[in-house]
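The values are calculated or read from the model by the stated rules, or taken from the named source; none is laboratory data. Quantities reported herein were computed from a predicted structural model and do not represent experimental measurements. Note that each Cβ is placed from the backbone with ideal geometry, even for glycine, and that neighbours are counted across all protein chains shown.
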Amino acid sequence: MTTGSPSKLTFHITFENGRSIRQTFAKMPDETLEHILLKFLAFLLFYSEDLLVEQAVDRQTFQPDLVRLDPQSNQPVLWIDCGIIKQDKLLKICQKNRRCAVYVMQYPLRRLETYIASFNKRETPLLEPACGVTFDDGFLESLGESVRGNNEVQIIQREPQRFFSLIVNDQMLETDIHLRRFS
């Protein structure tokens with residue numbers, strides 16, 4: 001799931017309530033399709049009108065994949081990074097953003113659990129907990145086979161932190177959402 005994908009993916013998303021939006025994810029030259037799909041799934045999972053994609057944040061060393069800012073302070077209240085994240089980077093993000101919910105989207109479940117177990121062995125624990133998110137094995141591959149440059153997505157059922165049921169370009173896809181806490 002790394003090469004041969006379009007330089008950008010546009011999703012025309014219809015939510016359960018009938019509301020429709022359009023969201024485009026540009027693909028950087030060294031970025032994998034897996035990373036784009038994780039950003040798309042994080043977008044669906046955490047969607048609100050004030051969720052920002054690939055937006056630099058004032059006074060931050062790192063740029064999140066997705067972020068929600070407090071309207072008064074303009075500081076992150078939700079920070080989402082997708083894919084492989086260096087442990088030192090995650091530690092610095094959590095230390096700098098103490099009143100912020102931090103999520104790490106990884107796939108598959110085995111990779112996420114190994115990452116969290118390794119992280120939890122560190123001498124420097126997280127002062128603010130982070131949470132890892134992943135999906136059923138095989139789900140990302142099925143989604144990757146369904147997407148193209150322009151995509152029609154209908155969310156049939158979305159229960160945050162539990163499961164997704166959606167139609168992508170006429171293909172029904174379902175997955176449980178697996179949450180794992182860092183300690």
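If you filter region 1-25 down to residues that are over 14 Å from the mean Cα position of the chain (by Cα), at pLDDT 95 or above and among the hydrophobic types (A, V, I, L, M, F, W, C), you find that the one that is surrounded by the fewest Cβ atoms within 10 Å (Cβ to Cβ) is Ile21.
One residue stands out among those in region 33-52 that are touching a Pro at 6+ places or on another chain (Cβ under 9 Å) and either of a type in the set (Lys, Arg) or outside any helix (DSSP H, G or I) (or both): the one that is surrounded by the fewest Cβ atoms within 10 Å (Cβ to Cβ), which is Asp50. Using the structure shown, decide if Val168 is over 17 Å from the mean Cα position of the chain (by Cα) and crowded, with 16+ Cβ neighbours inside 10 Å. Yes; evaluated as a whole, the condition is true for this residue.
The residues of region 94-132 that are part of a loop (DSSP other than H, G, I, E, B) and either within 30 Å of Val168 (Cβ to Cβ) or out of contact with any Cys (no Cβ under 9 Å at 6 or more places or on another chain) (or both), listed by number, are Asn97, Arg98, Arg99, Gln106, Tyr107, Pro108, Lys121, Arg122, Glu123, Thr124, Pro125.
Against the test of being out of contact with any Ser or Thr (no Cβ under 9 Å at 6 or more places or on another chain) and within 30 Å of Glu128 (Cα to Cα), the options Arg180, Arg162 yield a single qualifying residue, Arg162. Of the candidates Ile156, Ile93, the single residue that is touching a residue at least 24 places away in the same chain (Cβ under 8 Å) and either in contact with a helix residue (DSSP H, G or I) (Cβ under 7 Å, 6 or more places away or on another chain) or under 30 Å from Ser73 (Cα atoms) (or both) is Ile93.
Only one entry of Glu152, Glu123 meets the criterion of being among the charged types (D, E, K, R), closer than 30 Å to Lys96 by Cβ and more than 18 Å from the chain's Cα centre (by Cα), and that entry is Glu123.
Every listed requirement among (1) without any contact (Cβ under 8 Å) to a residue 24 or more places away in the chain; (2) closer than 18 Å to Lys39 by Cβ is met by Ser165 save one, (2).
Residues checked against (1) polar (S, T, N, Q); (2) within 15 Å of Ala42 (Cα to Cα); (3) in a helix (DSSP H, G or I); (4) at pLDDT 90 or above:
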| position | (1), (2), (3), (4) |
| --- | --- |
| Leu78 | no, yes, no, yes |
| Asp81 | no, yes, no, yes |
| Ile84 | no, yes, no, yes |
| Lys89 | no, no, yes, yes |
| Lys92 | no, no, yes, yes |
| Thr134 | yes, yes, no, yes |
| His178 | no, yes, no, yes |
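Taken over region 53-76, the criterion of being surrounded by 13 or more Cβ atoms within 10 Å (Cβ to Cβ), more than 17 Å from the chain's Cα centre (by Cα) and either modelled with pLDDT of 95 or more or among the basic types (Lys, Arg) (or both) is satisfied by Asp70 alone.
Would a scan of region 112-130 turn up a residue that is closer than 22 Å to Phe40 by Cβ, in contact (Cβ under 8 Å) with a residue 60 or more places away in the chain, touching a helix residue (DSSP H, G or I) at 6+ places or on another chain (Cβ under 7 Å) and of a type outside the set (Phe, Trp, Tyr)? Looking through region 112-130, none of the residues is closer than 22 Å to Phe40 by Cβ, in contact (Cβ under 8 Å) with a residue 60 or more places away in the chain, touching a helix residue (DSSP H, G or I) at 6+ places or on another chain (Cβ under 7 Å) and of a type outside the set (Phe, Trp, Tyr). Yes or no: region 26-40 includes at least one residue that is touching a strand residue (DSSP E or B) at 6+ places or on another chain (Cβ under 6 Å), modelled with pLDDT of 95 or more and over 24 Å from Asp176 (Cα atoms). No, the conditions are met nowhere in region 26-40.
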